[in-house]
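In what follows, a structure is listed as structure tokens, so that the remarks can point back to it.
The values are calculated or read from the model by the stated rules, or taken from the named source; none is laboratory data. None of these values were measured; they are calculated from a predicted model. Every residue, glycine as well, gets a Cβ built from its backbone with ideal geometry; the counts of neighbours run over all protein chains shown. The area values use the complete protein model at the heavy-atom level, side chains included, leaving out ligands, DNA and RNA. Shrake-Rupley method; radii C 1.70, N 1.55, O 1.52, S 1.80 Å.
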Amino acid sequence: MPARQGRLVRFWRRNGAGYMFLLPWLIGFFGLTLGPALASLYLSFTNYDLLRPPQWTGLDNIKYALFNDVKLRHSLSVTFQYVIFGVPMRLAVALGLAMILDRSVRGVGFYRAAFYLPSLLGASVAISVMWRQLFGAEGLINTLLFLATGWQGPSWISHPDYALWTLIALNVWQFGSPMIIFLAGLRQIPEDLYEAASMDGASGWRQFRKITLPLLAPVIFFNLVLQTIEAFKAFTQAYIISGGQGWPADSTLFYSLYLYIEAFANFRMGYASLLAWILLLIIGAFTALAFWTSKYWVYYEDESR
Amino acid sequence: MTNKMNRRTFGGLLLGGAAASTLASVGAYAADGSVRLIWWGNPERDKRTNAVVDMFQKATGAEVLPETYAWGDYWQKLATQAAGKNLPDVIQMDYRYIFEWARRGQLAALDEFVGNGIDLSDYDPNQLASGKVDGKLYGISLGANSMSHVYNKTVLDKIGVTLPDQTTWTTDDFVQIGKDLKGKLPEGMYFTENMGQYEPRLQTWMRSKGKDLYTAEGKLAFDEADLAEFFTYWKMVQDEGLSPPADLQAQDSGKMEESMMATGHGLFNFLHSNQLVAMQKLVPDEIDIVMIPNNGPHAGQYLKPSMFFSMAEGSQDKATAAAFINYFVTSNEANNVLLIERGVTGDASVRAEILPKLNKTEQKIINYLNVVSTHVSPLPPPPPQNAGEIDRALRPAWDEVAFGRIGPEEQAKAFYANAKSILERT
């Protein structure tokens, strides 16, 4: 079929080089992402224990997850708390600091770098270890509290009432990447809008509500989606700080941590695969929800409304 | 996580070639393959093991690539490697796991190497038997140990208290001593760490009452009331102020350097006897070791194999792996470095060689095991599948009691039901 062949040749001439450039990524995507993902979908329906070949168990895993798994429910609630409190707080801090750094003060470059630094360190083991020290019974936080108030605080990191909050604080502290994105967004807002507003006598707070927030909405939306996904997947901090077990008393048993324990400590790789797929569905649902609500509060400048 | 790959391999090979032609003792260990070795441990064990690896390489020209992890990461790492069909040739094994790993076809039976690469003629047959699964030898015990209490002797001597006879003291004595010591201990130090979180302590509790954790059939060998008693006792110890408040105790995430004893918050600590060596390195004061107080008429403790060396079924070079195990277990030069850090060896001639060379701390372990060995009950049957999960469930369950979120009896009921359902799960 010469016509078809001709089309193929034309397609290759036009796009071939592009696909060649894409090739490494494509290999990675199919080999390292899609392949394992599909394998894990299959394993979700088996009793794979890492040591023996998997056996098909049908809906057993799903039934257990839905009706019997108390820990699954508990770990979900821990993760939800982390997301629901951690993400908005992180975004608020990031936005606040971005607005401060948006002004041209002396040495602003230095401050930007300094505030970004914690995020560069990221979800590293070293930071988590440091956090343990900071919030321990004899840690820096308690020493300062004692000096300031004379009150001897508990070990925040190992008390079930506070441990999760130290993790949320760690999450908030690493506000650098959303901050940078907010900064870029703030630069996009035309200065004359603020000038006009202040001539009309609008207060700073009113300017923030009526100009900054609406015009920044797409960026806020972007950050919200990204940070939510990241928070759902949080693992390293909880793993290090909780002794790898969600201690104390399961209070920091994140969903991702529970999944890891099921897979590698309890040798239930099949069940853990199902847990991974459940997490994917939950993140998907949250993202879809964010997109659905976005039409009511996100305004794009090229939209006519 | 630590992952120490050997950087001395190249030099070792060079030196090995030279040494092989000169050393007389080489013949017995001659091998020139390459094997991987994995163990869990602590910095002290890593140091000694790496030294023996070097010596073996120099003596034989074989290559050994060592990897080490902390206990908590070890089993996860091993499972991952097994799934990738990439297990190291020589694997340090624990009594808790050896049955599961052997029955799942991951370990090689060592019987064909006994007397044919691995010389066990001087090895105590009783200790050897603990590495048998379904009649075949899957692991060679690297030493015997037992559970124990260790305490800060310097502090206790300064106060002028002597402990009662360790073979007959009871949990009531233990609490009474703690109460008597109140107000006399250094600032910030409590009488004992809280042991309500430890599965081995729970086991001695049950055995002292003539029960155990698990039956040979893999069912629970105690009942709810026994567990309630255990939780109630340790909650009382905490409420009396003999052990640290819950949040301080919970800072211990299972690393020895975070233990109440190492951080100066505990006079008494729970340990396996071979760990005394590592603990003494962390505590400036002198520490000593005694038996666990009884809560019943039966002997709660037993002598257990501290750990094994096993061989991967998938090993490509079983001869070299066997040669390494043989060198590690039976050679005097290796054991002069290893001493009893992994427990007291079952090889009589090696024991005769190293006993005079032990330092004061190590001598204490020997003396301790001599006392213990006349007051023990037999090795319990191997724990059932999922016993590890029950072990891990105990700490959070205890934490809830310690933080006052649930009463000891209520928690005993909940934990018992949970343990039963874990055992029933596949």
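Some notes on this structure:
- In chain A, Cα pairs under 8 Å separated by at least six residues give a relative contact order of 28 percent.
- Database remark: amide H of B:Tyr214 closer than 5 angstrom to the amide H of B:Ala221 (H placed geometrically; neighbours at sequence offset of 5 or more, or on other chains; Pro and chain starts carry no H).
- Calculated FRET value between A:Ile100 and A:Leu34, using beta carbons and R₀ = 41 Å, to 0.05: 0.40
- Backbone N under 14 Å from the B:Lys158 label point (7 Å along Cα→Cβ), restricted to segment B:165-205: B:183-190
- Computed over chain B, relative contact order equals 25 percent, with contacts defined as Cα pairs under 8 Å that lie 6+ residues apart.
- Descending by average beta-carbon neighbour count within 10 Å, the peptides B:257-267, A:181-191 line up as B:257-267, A:181-191, the highest first.
- Point-to-point label distance, A:Leu213-B:Arg96, nm (Cα→Cβ direction, 7 Å offset): 5.3 nm
- For B:Leu142, the residues whose amide H sits under 5 Å from its own are B:Ser306, B:Met307, B:Phe308, B:Phe309, ignoring neighbours fewer than 5 places away on the same chain, with H placed 1.01 Å from N.
- Delta accessible area of at least 10 Å² on complex formation, residues of segment B:215-255, 1.4 Å probe, chain isolated as reference: B:Asp247, B:Leu248, B:Ala250, B:Gln251, B:Ser253
- Among B:Asn332, B:Asn145, B:Asn274: highest mean-square fluctuation, GNM of chain B, C-alpha pairs under 10 Å: B:Asn332
- Working note: Karplus 6.51/-1.76/1.60 with θ = phi - 60° gives segment A:59-76 the couplings 8, 3, 4, 5, 4, 4, 4, 6, 10, 10, 8, 5, 5, 4, 4, 4, 5, 5 Hz, where Gly and Pro are set to x.
- Whole-number percent relative contact order across segment A:111-204, with pairs defined as alpha carbons under 8 Å at least 6 apart: 30 percent
- Bridging of B:Lys58 to lysines at a Cα separation below 24 Å is possible for B:Lys4, B:Lys47, B:Lys318, B:Lys357, once same-chain residues fewer than 8 apart are set aside.
- Neighbour net charge for B:Trp75 - beta-carbon separation under 14 angstrom, K R +1, D E -1: -3
- Area buried, chain A against chain B - accessible surface, total, 1.4 angstrom probe, square angstrom: 2800 Å²
- Proximal charge balance of A:Tyr116 [Cβ under 15 Å; K/R count +1, D/E count -1]: +1
- Sequentially through segment A:110-120, phi angles give Karplus couplings (6.51, -1.76, 1.60; θ = phi - 60°) of 5, 4, 4, 4, 4, 6, 7, 3, x, 6, 4 Hz, Gly and Pro residues having no value and appearing as x.
- Average other protein chain Cβ within 10 Å of Cβ, residues A:153-160: 6
- Packing-based order for A:208-216, B:361-369, using average beta carbon neighbours within 10 Å, highest first: B:361-369, A:208-216
- Average beta carbon contacts from partner chains per residue of A:41-50, 10 Å cutoff: 2
- Solvent-accessible surface of protein heavy atoms, probed at 1.4 angstrom with all chains present, puts B:Asp252, B:Asp119 in the order B:Asp119, B:Asp252, largest first.
- On the principal axes of its alpha-carbon atoms, segment A:68-297 has extents of 65, 49, 26 Å, going from largest to smallest.
- In the context of the full set of protein chains, chain B has a per residue accessible area of 39 Å² (1.4 Å probe).
- Net charge contributed by nearby residues that have their C-beta within less than 9 Å of B:Lys209 (K/R +1, D/E -1): 0
- 27 Å Cα cut-off, lysine pairs counted over chain A (separation 8 or more, or different chains): 5
- Partner aspartates and glutamates whose Cα lies under 13 Å from the Cα of B:Lys77, excluding those fewer than 8 positions away in the same chain, are identified as B:Glu67.
- Computed over every Cα-Cα pair of the protein assembly as shown and binned at 10 Å starting from 0, the pair-distance distribution P(r) comes out as 2, 12, 20, 22, 19, 13, 7, 4, 1, 0, 0 percent.
- Alpha carbon convex hull of chain B, volume per residue in cubic angstrom: 139 Å³
- Per residue accessible area in Å² of segment A:133-289, where ligands, DNA and RNA are left out and the probe is 1.4 Å: 42 Å²
- Surface share of carbon and sulfur [accessible, 1.4 angstrom probe, percent] for segment A:68-297: 69 percent
- The mean number of partner chain beta-carbon atoms within 10 angstrom of a residue's beta-carbon across peptide A:257-267 is 4.
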